[in-house]
Amino acid sequence: MERVPITPDGLERLKVELKQLKSVDRHEVIRAIAEARTHGDLSENAEYHAAREKQSFIEGRLAELEDVVSRADVIDISKLDGDTVTFGTKIEVADEETDEESAFTIVGPYEADITQGLISTSSPIARALIGKRVGDSVEVATPRGAKTYEILSIAVM
């Protein structure tokens, strides 16, 4: 069974979502299905079909979250040195072509959110950055062609 790297905060967020789905959302959709059944013919009942679809999504997400939580490998980021790019480090990079600066934090795949600057360890840029040091240049294959970044700083989250 493959372990899933995750930060303590990321694991806590998954547990909160799991609890919400089990204790609130699941019960609401069961009530919605029961109410939709009272409206008659189920074959033509859009409310019933929508509720069943939502129930299917909730049950799938519950199974996924339970699997991830059971395989979670919580990484203690306070023990990282910050000399090289690793899981749990925040990296500032500059595009060597445009001098545009960006900041990323490398996290596990289930807590990645690019809108918050959290990138997955399996993303192309994270794979290129891991193991590098401040001042190193890395080339990243992107859909628009190769980009080269210089690492400006590394900090532990």
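Ala36 - would you say it is among the small types (Gly, Ala, Ser), in contact with a His (Cβ under 9 Å, 6 or more places away or on another chain) and either closer than 30 Å to Val107 by Cβ or surrounded by 13 or more Cβ atoms within 10 Å (Cβ to Cβ) (or both)?
yes
Considering the range 48-73 alone, what residues qualify as being touching a strand residue (DSSP E or B) at 6+ places or on another chain (Cβ under 6 Å) and surrounded by 16 or more Cβ atoms within 10 Å (Cβ to Cβ)?
Val68, Ala72
Which members of the range 127-137 meet the condition of being outside any loop (DSSP other than H, G, I, E, B), touching a residue at least 40 places away in the same chain (Cβ under 8 Å) and either crowded, with 16+ Cβ neighbours inside 10 Å or not assigned by TED's automatic domain parsing to the domain that holds Pro109 (or both)?
Leu129
Take the residues in the range 123-154 that are modelled with pLDDT under 90 and of a type in the set (Gly, Ala, Ser); name whichever of them is farthest from Leu65 (Cα to Cα).
Gly145
The values are calculated or read from the model by the stated rules, or taken from the named source; none is laboratory data. Being a predicted model, the structure only gives us computed values, none of them experimental. FYI the Cβ positions are ideal-geometry reconstructions off the backbone, even for glycines, and counts take in every protein chain you see.
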